[in-house]
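Enquirer: A single structure is presented below for examination.
Computed from the coordinates by the stated procedures, all read-outs in this text should not be read as laboratory data. All values reported here derive from a predicted model rather than from experimental measurement. All Cβ positions, even for glycine, are placed from backbone atoms using ideal geometry, and neighbour counts span all protein chains on display.
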Amino acid sequence: MSAGSIEARVRRSLYGARRWHPAEITFWVLALAVFFLLPRQLLILNEIAILGLFAVSLDLILGYAGIVSLGHAAFFGFGAYAAGLFAKHASADPLAGLAVGMGAAGLLGLLTSPLILRGSDLTRLMVTLGVALILGELANSLGGITGGADGLQGITMGPVLGLFEFDIFGKVAYLYSLAVLFVLFVLARRIVSSPFGLSLRAIRDNSLRASASGVPLHWRLVAVYTLAAAYAGAAGALLAQTTQFVSLDVLAFHRSADLMLVLIIGGAGYLYGGLIGAVAFKLLQDVIASFTPQYWMFWIGLFLVLFVLGGRELIHGGIKAVAVRIGHLVRRSPT
Amino acid sequence: MLTILFDGVAYGMILFVLACGLSVTMGLMNFINLAHGAFAMFGGYVTVLAMQRLGLPFLWALPAAFFAAGLAGLVLERLVYRPMYARGHLDQVMFSIGLVFMSVAGADYLMGSTQQFVQLPVWLSGRFDVAGIGVGRYRLFIILLCGALAFAMQWGFTRTRFGSRLRAAVDDARVARGLGIPVNRLFALTFAFGSGLAGLGGALGIELMGLDPTFPLKFMIYFLIVVTVGGTSTISGPFFAAMLLGVADVAGKYLVPQLGAFIIYALMVVLLITRPHGLFARGRA
C-alpha cells in the first residue's frame with residue numbers, strides 16, 4: 001500500500017465526517033421552527049440556546065480533549081462581565097460586545113491554560129474550580145466595577161447589526177442567540193473533524209501514545225482550552241446582552257455543576273450532546289420547578305445519582321435510536 | 001498576632017479532622033468523594049438534635065455524631081458507593097455532586113434553612129489570657145482533642161495490624177486480596193471511620209464554622225484543598241496542609257476581611273501548580 005492511498009483514505013474519512021447528516025439538518029430546522037411554533041416561550045428558548053452554546057464549549061475540552069473541569073463558569077462569567085461592562089461603558093453594539101466577551105474569556109483561557117497542563121484529573125478539577133472561585137470572590141469584592149452582590153445594572157443594548165431592536169418577548173434575543181450558536185457550532189464542527197480535532201481525540205484516548213506519535217501535547221491542549229474558553233465567553237456575553245443584567249450567579253459553582261449534568265445527559269464527545277442536554281435539562285428544570293420550586297436541587301441531585309449509577313446507557317441508547325429513526329424518515333420522505 | 005495563630009491552629013485542627021476522612025477515601029481508595037461534607041453536616045445535625053431533643057450533654061453528643069455519621073457512611077458505602085469505585089473520575093464527581101445537592105436540599109427540608117446553634121458547657125466557654133494571647137477555652141479543647149486524634153491516627157496507621165493491612169490493600173488491592181486480606185471489609189470500615197470523623201468534625205465545628213444546609217457546598221472546597229495540597233500518602237501531609245490553611249484563612253479574615261476567601265483559593269492554586277502531587281509527595285514526577 002503506497003503512502004498516497006493512505007493519505008487519500010484519511011482525507012476521504014475526514015470529509016465523510018464533515019458531511020451534514022439529514023438528522024442534523026432537521027435539528028436546526030426544528031430549532032428555527034420553534035420560533036414560530038412557541039412564540040410565548042422565546043425567553044426560555046433563548047436560555048436553552050445559551051446553555052447549549054455553553055455546553056458545546058465544555059464538550060470541546062471534556063468530550064474531545066478529555067480535560068475535566070469543575071470551573072467552566074469562570075469563562076462564562078468572565079465573558080458576561082466583559083460584555084456587560086463593554087456595553088455599559090464603551091459601545092451598545094451587540095456584535096462588538098460579543099467579540100469583546102469572547103476575546104476576554106479566550107485570553108483568560110490562554111492565561112490559565114498552563115494550570116491544566118500539570119497534574120492528574122484531580123488536580124485539574126481543583127485548579128479549575130479554584131479559578132472560578134477566585135473570580136467569584138473578585139467579582140464580589142470589586143463592587144465598584146462589577147456592582148458586587150447587586151449585579152451589574154444599567155446595561156443598554158443597541159439593535160443587532162443596527163437593524164433589529166431587542167424586544168421584551170425575546171424574539172430578537174432568541175434569533176440572535178440561535179444565530180450565534182449556529183455559526184459557532186458550525187465552526188466547532190469543522191474544528192473537531194479537522195486533523196486538529198483528531199489529534200485532540202488521540203490525546204484524550206492515550207496521551208502518552210499521542211505524544212509519542214508526534215502530537216505536540218501541550219500546545220494542542222492550550223489551543224483547545226483557549227477556544228473552549230472563548231466559546232464559554234460568547235455564551236456568557238449572550239446572556240448578559242439578552243437579559244441586560246449580570247449577577248454574581250454567572251460565576252457560581254452550581255453553574256459549572258449544572259453544565260456537567262447537561263453534557264452528561266446529552267452525552268459528551270459529539271457536540272450535539274450539549275445541545276440535546278441543554279434542551280432536556282431546561283425542560284426537566286421547568287417541570288420539577290413547577291411542582292416543587294424550593295427543593296429543585298434535591299431532585300436534580302437524585303437524577304444525577306441515578307443517572308450515573310445506571311441510567312446513562314439507557315437514555316443515550318434512546319436518543320441514538322430516535323436520531324436514527326428521524327434520519328431514516330428524512331431520507332425517505334423526499335423520494 | 002499570636003491570637004490569630006492560636007485561632008488559626010484551632011480552625012486548622014477541625015479542618016484536619018473533617019478532611020482526613022476524605023484523604024482516606026480519596027487518597028487510599030482513589031475515589032473522588034465530593035459528598036464528604038454531607039457526612040460532616042449530618043454529624044452536626046445529629047449533635048444539634050441530640051442536645052436539643054434528647055438533652056444529651058455536649059460531650060456525649062460528640063461520640064453520637066461520630067457513630068451516627070460512621071453508620072451512615074457504612075450503609076451508603078454498601079448501597080451506592082461500592083459500584084462507583086471502578087468508574088472514571090468524572091462519574092465519581094458527578095455522582096458525589098448529586099449526593100451533595102440531595103443532602104443540601106434534604107437538610108433544608110428537614111431542618112429548615114436557618115443557622116443552628118449549640119449550647120456549650122460553661123467550662124468550655126469564655127477565654128483567658130496567657131502571656132498576652134487570648135486563649136478561647138473551646139479552641140484549646142479542640143486543639144487538645146484533635147491533636148490527640150491526629151497522633152492516634154498516625155499511630156494506628158503506621159503501627160497497628162489494621163494500619164499495615166490497610167496500607168497493603170491500598171498499595172495493591174489484588175495482591176492484598178491474594179494474601180487473604182479482606183480488602184472490601186477493610187475499605188468499608190475505613191470509609192465508615194472516615195465518615196465518622198467527618199461527623200465528629202462537623203459536630204465540633206458548629207461553634208466555629210456554623211451549621212446550615214449549605215455546609216457541604218460551602219466547605220467542600222476546604223476539604224478538597226486540604227487533601228489535594230496535603231497529598232494523600234501520609235497522615236502528616238493533610239495535617240500540615242490543614243494547619244497552613246486554617247492559619248491563612250483566619251489571618252486573612254481577621255486582617256483583610258474584604259478579600260474574603262480569595263486568599264485561600266489563590267494559595268491553593270499556587271500550591272497545586274508548584275506541587276501538583278501535594279506538599280509531601282514522595283518522588284513522583
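Enquirer: Could you please report the charge total around B:Ile263, scoring K, R as +1 and D, E as -1 over all other residues with beta-carbon less than 15 angstrom from its beta-carbon?
Expert: Local net charge: -1.
Enquirer: Against the longest principal axis of chain B, how steep is helix B:262-274, in degrees 0 to 90 to the nearest 10, with axes from Cα atoms?
Expert: 30
Enquirer: Over chain B, what portion of Cα pair distances is larger than 33 Å, expressed as a whole percent?
Expert: Of the Cα pairs, 19 percent sit more than 33 Å apart.
Enquirer: At a Förster radius of 51 Å, what calculated FRET efficiency corresponds to the Cβ-Cβ distance of B:Val122 and B:Arg82, to the nearest 0.05?
Expert: 0.70
Enquirer: Below 8 Å, C-alpha to C-alpha, sequence gap of six or more: please give me the relative contact order for chain A in percent.
Expert: Answer for chain A is 32 percent.
Enquirer: Sticking with this structure for a sec: Which of the peptides A:134-147, A:228-241 is most tightly packed, and how do the rest follow, going by the mean number of other Cβ atoms within 10 Å of each residue?
Expert: For the peptides A:134-147, A:228-241, the packing ranking is A:228-241, A:134-147.
Enquirer: Could you give the dipole magnitude of region A:128-266 about its Cα centre, charging the beta-carbon of Lys and Arg +1 and that of Asp and Glu -1, in debye to the nearest 20?
Expert: 740
Enquirer: Right, another one. Give me the inter-chain shielding for B:261-268: mean count of other chain Cβ atoms within 10 Å, whole number please.
Expert: Counting Cβ atoms of other protein chains within 10 Å of each residue's Cβ and averaging gives 5.
Enquirer: Could you check the spin-label model distance between B:Phe162 and A:Asp205? Points 7 Å from the Cα along Cα→Cβ, value in nm.
Expert: 4.7
Enquirer: Compute the helix-to-body angle for B:2-23: its Cα long axis versus the longest principal axis of chain B, expressed 0 to 90° and rounded to tens.
Expert: It is inclined by approximately 30 degrees.
Enquirer: I've got another one for you. Can you tell me the order of A:127-133, A:178-184, A:94-100 when each peptide is scored by its average per-residue count of other Cβ atoms within 10 angstrom, highest first?
Expert: Top of the packing list down: A:127-133, A:94-100, A:178-184.
Enquirer: Could you tell me the largest-minus-smallest coordinate of the C-alpha atoms of region A:159-257 on each of the three principal axes, in descending order and whole angstroms?
Expert: On the principal axes, region A:159-257 reaches 55, 30, 17 Å in Cα extent.
Enquirer: Run through every distinct alpha carbon pair of the protein assembly as shown and return the Kirkwood hydrodynamic radius in angstroms, one decimal place.
Expert: 26.1
Enquirer: Between B:Val135 and residues 5 or more places away or on another chain, which pairs have amide H atoms under 5 Å apart, with H built 1.01 Å from N, and which residues are they?
Expert: B:Phe128, B:Asp129, B:Val130
Enquirer: What do you get for Rg/Rh over region A:1-129 if you use C-alpha atoms and the Kirkwood form of Rh?
Expert: Expressed as Rg/Rh, it is 1.09.
Enquirer: Given H placed 1.01 Å from N in the peptide plane, which residues other than close sequence neighbours of B:Leu56 have an amide H under 5 Å from its amide H?
Expert: Amide H neighbours of B:Leu56, under 5 Å, 5+ apart: B:Met51.
Enquirer: Take peptide A:127-137, look around each residue's Cβ out to 10 angstrom, count Cβ atoms belonging to other protein chains, and average those counts.
Expert: 6
Enquirer: I need to check one value: relative contact order of region B:127-231, counting alpha carbon pairs closer than 8 Å and at least 6 residues apart, in percent.
Expert: 11 percent.
Enquirer: Separation between the A:Gln294 and A:Ile168 pseudo-spin-labels, each 7 Å from Cα along Cα→Cβ, expressed in nm?
Expert: In this crude label model, A:Gln294 to A:Ile168 measures out at 3.1 nm.
Enquirer: Just to verify a number: FRET efficiency for B:Leu59 and A:Arg118, C-beta to C-beta distance, R0 = 35 Å, to 0.05?
Expert: So, using R0 = 35 Å, E works out to roughly 0.15.
Enquirer: Can you give me the distance in nm between label points at B:Asn30 and A:Ala96, each placed 7 Å from the Cα along the Cα-to-Cβ direction?
Expert: 5.4
Enquirer: Okay, next question. DSSP H helices in chain A with Cα extent of 24 Å or more along the helix axis and mean Kyte-Doolittle hydropathy at least 0.0?
Expert: Both cut-offs are met by A:42-59, A:94-116, A:121-141, A:171-192, A:217-243, A:272-291, A:312-332.
Enquirer: For region B:71-154, build the charge dipole from Cβ charges (+1 Lys, Arg; -1 Asp, Glu) around the Cα centre, then report which of B:Phe101, B:Leu149, B:Leu120 sits farthest towards its positive end.
Expert: The listed residue farthest towards the positive side: B:Leu149.
Enquirer: Still on this structure: Expressed as an acute angle from 0 to 90° and rounded to the nearest 10, what is the orientation of the C-alpha long axis of helix B:215-230 relative to the principal long axis of chain B?
Expert: It is inclined by approximately 60 degrees.
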